[in-house]
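Working notes, structure below.
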Amino acid sequence: MLAQLITSFIASVGFGIIFNAPRRSLFQCGIGGMLGWMVYVLLYTHINPIAATLFATFIVGGISQIFARIYKTPIIIFSVAGVIPLVPGGLAYNSMRNFVENDYAAATALAAQAAMLSGSIALGLVLSEVFNQMIRRAAR
């Protein structure tokens, strides 16, 4: 588990560098990715991967909003780098490989799973923003 957390931290920081995130925010980008991956791994064994990805992305979105407010930086800097460990790149690759190898049944199943995981990432970010707006309105 520790190796996975360190790897997800490094991956998030690396993508923060690739996306030209400010240097002072790279550590927070890594923390967001690491927390998201930790939630995913802890929930993966108890619920299906799509729900685990949704909850993990919700946490990444919430932490991104907190970091954005504290460090006066746009939310997208933290959220994009934070969801990188959750992106189903391996599934998408295997899907395309199976299409090329003419194994359409396996390719379609993998593509559908990758699409559902991608949708849960988008939904998790949207839900965290909606939740944040509800809290802000209730505080007024």
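The values are calculated or read from the model by the stated rules, or taken from the named source; none is laboratory data. Since we're looking at a predicted model, the values are computed, not measured. Reconstructed Cβ throughout: ideal geometry from the backbone, glycine too, with neighbour counts over all protein chains shown. Accessible surface is based on the protein model in full, side chains and every heavy atom, while ligands, DNA and RNA are left aside. Shrake-Rupley method; radii C 1.70, N 1.55, O 1.52, S 1.80 Å.
Could you go through the stretch 111-122 and let me know if any residue there is open to solvent by 40 Å² or more (accessible area, probe 1.4 Å) and either at positive phi or among the β-branched types (Val, Ile, Thr) (or both).
no
When you scan the stretch 14-54, how many residues do you find that are closer than 27 Å to Ala112 by Cα, in contact (Cβ under 8 Å) with a residue 60 or more places away in the chain and buried (at least 19 other Cβ atoms within 10 Å of the Cβ)?
3
Would you check which residues across the stretch 26-52 are over 15 Å from Pro88 (Cα atoms), of a type in the set (S, T, N, Q) and out of contact with any Phe, Trp or Tyr (no Cβ under 6 Å at 6 or more places or on another chain) and list them?
Applying the first criterion (over 15 Å from Pro88 (Cα atoms)) to the stretch 26-52 yields 26-32, 34-35, 38-39, 42-43, 45-47.
Now narrow it down to the ones that are of a type in the set (S, T, N, Q): 28, 45.
Once the filter is applied, which keeps residues that are over 15 Å from Pro88 (Cα atoms), of a type in the set (S, T, N, Q) and out of contact with any Phe, Trp or Tyr (no Cβ under 6 Å at 6 or more places or on another chain), the stretch 26-52 yields only Thr45.
Just to be sure before I move on: is Pro49 in contact with a helix residue (DSSP H, G or I) (Cβ under 8 Å, 6 or more places away or on another chain) and farther than 24 Å from Thr7 by Cα in the structure I sent?
Numbers: in contact with a helix residue (DSSP H, G or I) (Cβ under 8 Å, 6 or more places away or on another chain): yes; farther than 24 Å from Thr7 by Cα: no.
Taking the combined requirement at face value, the residue does not satisfy it.
Quick one: which helices (runs of 4 or more DSSP H) sit completely within the stretch 34-140 and have at least 2 residues that are of a type in the set (A, V, I, L, M, F, W, C), within 26 Å of Asn20 (Cα to Cα) and out of contact with any Ser or Thr (no Cβ under 9 Å at 6 or more places or on another chain)? Full working, then the answer.
On the way: elements: 49-71, 75-83, 89-100, 104-139.
Result: 49-71.
Could you tell me whether Thr73 is open to solvent by 70 Å² or more (accessible area, probe 1.4 Å) and polar (S, T, N, Q)? Show your work before the answer.
Working: open to solvent by 70 Å² or more (accessible area, probe 1.4 Å): no; polar (S, T, N, Q): yes.
Spelling it out, it is not the case that Thr73 is open to solvent by 70 Å² or more (accessible area, probe 1.4 Å) and polar (S, T, N, Q).
In the list Leu86, Leu110, Leu2, which residue meets the criterion of being within 26 Å of Leu127 (Cα to Cα) and free of Cβ contacts under 8 Å to residues at least 40 places away in the same chain?
Sole residue among the options that is within 26 Å of Leu127 (Cα to Cα) and free of Cβ contacts under 8 Å to residues at least 40 places away in the same chain: Leu110.
Those residues that are out of contact with any Phe, Trp or Tyr (no Cβ under 9 Å at 6 or more places or on another chain) and not small (Gly, Ala, Ser), I need them from the stretch 77-91; list them, please.
Within the stretch 77-91, Val83, Val87, Pro88, Leu91 qualify.
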